[in-house]
Amino acid sequence: MKIVDAKVVLTGPGRNFVTLKVETDEGVTGLGDATLNGRELAVVGYLRDHVVPLLLGSDPHRIEDTWQFLYRGAYWRRGPVTMAAIAAVDTALWDIKAKVANLPLYQLLGGASRDRVRTYGHASGRNLPELFDSIRARLAEGYPAIRVQTGVPGLKLVYGVRHAQDPGLGARPVVEDWDTGAYLRNLPRVFDAVRQEFGPDLPLLHDAHHRLTPSQAARLGKDLEPYDLFWLEDCTPAENQEALRLVRAHTTTPLAIGEVFNTVFDYQTLVSEQLIDYVRSAVTHFGGVSPMRKLFDFAAQYQIKSAIHGPEDISPVGMAAAIHLDLAIHNFGIQEYSGHTDLTNAVFRHAYTFTDGHLHPGEAPGLGVELDEELAAAHPYEPAYLPVNRLQDGTVHDW
Ligand code: CS2
Ligand code: MG
């Protein structure tokens, strides 16, 4: 079997997605997600100009060899653009192998370790009444666990959510404002109110989105202990892995990190010193299914569980790959799931299902996703950026 073509499909059905479609001489095709929110065109160019020409004529069954060839062969290692491009190839080749075997991908990963995949959904509000409504809406949709984000008194926008003005902004990011002190004072009050309203049993999560110093994160983790969080996510910009020693030493609130990480090296200290409880990378940004599997096996030695990144900017192709992994690995923790619009689901028709707050990859051979290229072409890419964040004196802060 030989790869005869590979197309990079850029589409914007409400938001932008980059998809690689690998074609073989036997007519079997595979899909991979390479979406890098706000930097999509860089991955398109990397794939089109530097990866696709190298794939032509090669054997799609040699997944590990192709991965090593693209990773080591580039000489310039790691980074989100490179690893998103390699992820798309790796995922597409797994899709092809599983289709040839006539099995859903999870069967090639060892088969199901569970019957269904538990998820969490996002709730947010500018104030408590809005937040409670949002939590109730997620509960009505069946979500068994909820991520709680909230406005901070004195700040204009709730962070980590899409802003209404996004589409009109074109090539400029929304500017958010930030005050760490106000946030740290407000958040324990919010969780206290949420626990009083929704009781002790509902699993609650929170994402600090890389905004705190280690000592601020340690204090927040401690202040939130009475509210029994499922996890506190991205409490510091964790490029400095050693910083987590301080946080860990001061709080038993479980910690989740890794959605912006690209390789296992970003986790070396965090995992081997058991400084976190959940690894959060996305198949799409971590080099694909193959390295994710290795990451989970590494993490399992330290009782650390999976929590694959699953916001809307992971396409249904990336989501499908995540759900197959979730079903197969033993140390599954939880899957983030925001769902996609009907239009996105029409561009990427998928076999995976969401029922009673749980996902299942379905039994279609491969990933179980079909790309409607005509519909994709009818919704072109439009430049869009993630917000940037400034302190009230104008200093740029982590978003
Ligand atoms: C967030 C993401 O899902 C999450 O936990 O941190 O929504 C993140 O902001 C986006 O993926 C950025 O593109
Ligand atoms: Mg996050």
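The values are calculated or read from the model by the stated rules, or taken from the named source; none is laboratory data. This structure is a prediction, so every number in the text was calculated from the model and none was measured. Glycine gets a Cβ as well: all are built from the backbone with ideal geometry, and neighbour counts include every protein chain shown. Remember, those area values only see protein heavy atoms, side chains included, never the ligands or the DNA or RNA. Shrake-Rupley method; radii C 1.70, N 1.55, O 1.52, S 1.80 Å.
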Test: residue in the stretch 175-190 that is surrounded by fewer than 16 Cβ atoms within 10 Å (Cβ to Cβ), away from ligand 2 (no atom under 16 Å from the Cβ) and either modelled with pLDDT under 95 or assigned to a strand (DSSP E or B) (or both): yes
Pair list, Cβ under 6 Å, 6 or more apart: the stretch 271-300 residue among the basic types (Lys, Arg), other residue within 16 Å of ligand 1 (Cβ to nearest atom) and open to solvent by 10 Å² or more (accessible area, probe 1.4 Å): Arg280/Glu259; Arg280/His309
Residues of the stretch 204-250 satisfying the condition of being among the basic types (Lys, Arg) and either within 14 Å of ligand 2 (Cβ to nearest atom) or open to solvent by less than 10 Å² (accessible area, probe 1.4 Å) (or both): Arg211
Matching residues in the stretch 212-242 - criterion: being of a type in the set (Gly, Ala, Ser) and under 21 Å from Tyr120 (Cβ atoms): Ala217, Gly221, Ala238
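Filter the stretch 45-62 down to residues that are among the aliphatic types (A, V, I, L, M) and buried (at least 20 other Cβ atoms within 10 Å of the Cβ) and give me whichever is nearest to Val317 (Cα to Cα).
Filtering the stretch 45-62 down to residues among the aliphatic types (A, V, I, L, M) leaves 47, 51-52, 54-56.
From what's left, buried (at least 20 other Cβ atoms within 10 Å of the Cβ): 47, 51, 55.
Numbers: Leu47: 17, Val51: 19, Leu55: 20 Å.
Filtering the stretch 45-62 for residues that are among the aliphatic types (A, V, I, L, M) and buried (at least 20 other Cβ atoms within 10 Å of the Cβ), the one nearest to Val317 (Cα to Cα) comes out as Leu47.
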Set Leu70, Leu36: member being among the hydrophobic types (A, V, I, L, M, F, W, C), outside the structural domain of His360 (by TED's automatic domain parsing), over 19 Å from Pro365 (Cβ atoms) and assigned to a helix (DSSP H, G or I): Leu70
Residue, farthest from ligand 1 (Cβ to nearest atom), within the stretch 264-294, restricted to residues that are in contact with a Pro (Cβ under 9 Å, 6 or more places away or on another chain) and open to solvent by 10 Å² or more (accessible area, probe 1.4 Å): Val264
Set Ala282, Ala320: member being within 24 Å of Leu31 (Cβ to Cβ), more than 16 Å from ligand 2 (Cβ to nearest atom), of a type outside the set (S, T, N, Q) and within 14 Å of the chain's Cα centre (by Cα): Ala320
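Are any residues in the stretch 298-317 more than 11 Å from Val117 (Cβ to Cβ) and either within 15 Å of ligand 2 (Cβ to nearest atom) or not assigned by TED's automatic domain parsing to the domain that holds Ile276 (or both), and if so, which ones?
Of the stretch 298-317, the ones more than 11 Å from Val117 (Cβ to Cβ) are 298-305, 307, 309, 311-317.
Listed by number, the residues that qualify are Ala307, His309, Pro311, Glu312, Asp313, Ile314.
Could you tell me whether the stretch 11-32 includes any residue that is open to solvent by 50 Å² or more (accessible area, probe 1.4 Å) and under 23 Å from Ile314 (Cβ atoms)?
In the first step, residues of the stretch 11-32 are kept if they are open to solvent by 50 Å² or more (accessible area, probe 1.4 Å); the result is 14, 25-27.
Still in the running and under 23 Å from Ile314 (Cβ atoms): 14.
Within the stretch 11-32, one or more residues are open to solvent by 50 Å² or more (accessible area, probe 1.4 Å) and under 23 Å from Ile314 (Cβ atoms).
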Cβ-Cβ under 8 Å pairs, at least 6 apart or on other chains, the stretch 30-42 side hydroxyl-bearing (Ser, Thr, Tyr), far side within 11 Å of ligand 1 (Cβ to nearest atom) and open to solvent by 20 Å² or more (accessible area, probe 1.4 Å): Thr35/Asp313
Unmet requirement for Leu70, which otherwise passes all of (1) in contact (Cβ under 8 Å) with a residue 40 or more places away in the chain; (2) surrounded by 16 or more Cβ atoms within 10 Å (Cβ to Cβ); (3) within 19 Å of Ser281 (Cβ to Cβ): (1)
Residues within the stretch 48-74 that are under 21 Å from Leu36 (Cβ atoms) and among the hydroxyl-bearing types (Ser, Thr, Tyr), tallied: 2
Filter result for Trp76 (without any contact (Cβ under 8 Å) to a residue 12 or more places away in the chain and in the same structural domain as Val8 (by TED's automatic domain parsing)): yes
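Just one of Thr119, Thr91 is hydroxyl-bearing (Ser, Thr, Tyr), within 28 Å of Ala217 (Cβ to Cβ), at pLDDT 95 or above and open to solvent by less than 20 Å² (accessible area, probe 1.4 Å); which is it? Lay out the reasoning, then the answer.
Numbers: Thr91 fails: within 28 Å of Ala217 (Cβ to Cβ).
When all the criteria are applied, what remains is Thr119.
Out of curiosity, is Ala92 within 16 Å of ligand 1 (Cβ to nearest atom) and farther than 30 Å from Pro188 by Cα? Can you show your working first?
Working: within 16 Å of ligand 1 (Cβ to nearest atom): no; farther than 30 Å from Pro188 by Cα: yes.
When the stated conditions are applied, Ala92 does not pass them.
Count, please, the residues in the stretch 254-263 that happen to be of a type in the set (Val, Ile, Thr) and surrounded by fewer than 24 Cβ atoms within 10 Å (Cβ to Cβ).
Here is the first cut: in the stretch 254-263, the residues of a type in the set (Val, Ile, Thr) are 257, 260, 263.
Right, trim to surrounded by fewer than 24 Cβ atoms within 10 Å (Cβ to Cβ) and you get 260, 263.
Here the count works out to 2.
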Single condition Asp201 does not satisfy, out of (1) touching a Phe, Trp or Tyr at 6+ places or on another chain (Cβ under 6 Å); (2) more than 16 Å from ligand 2 (Cβ to nearest atom): (1)
Matching strands (runs of 3 or more DSSP E) fully within the stretch 335-399 where at least 3 residues are open to solvent by 10 Å² or more (accessible area, probe 1.4 Å): 353-355, 388-391
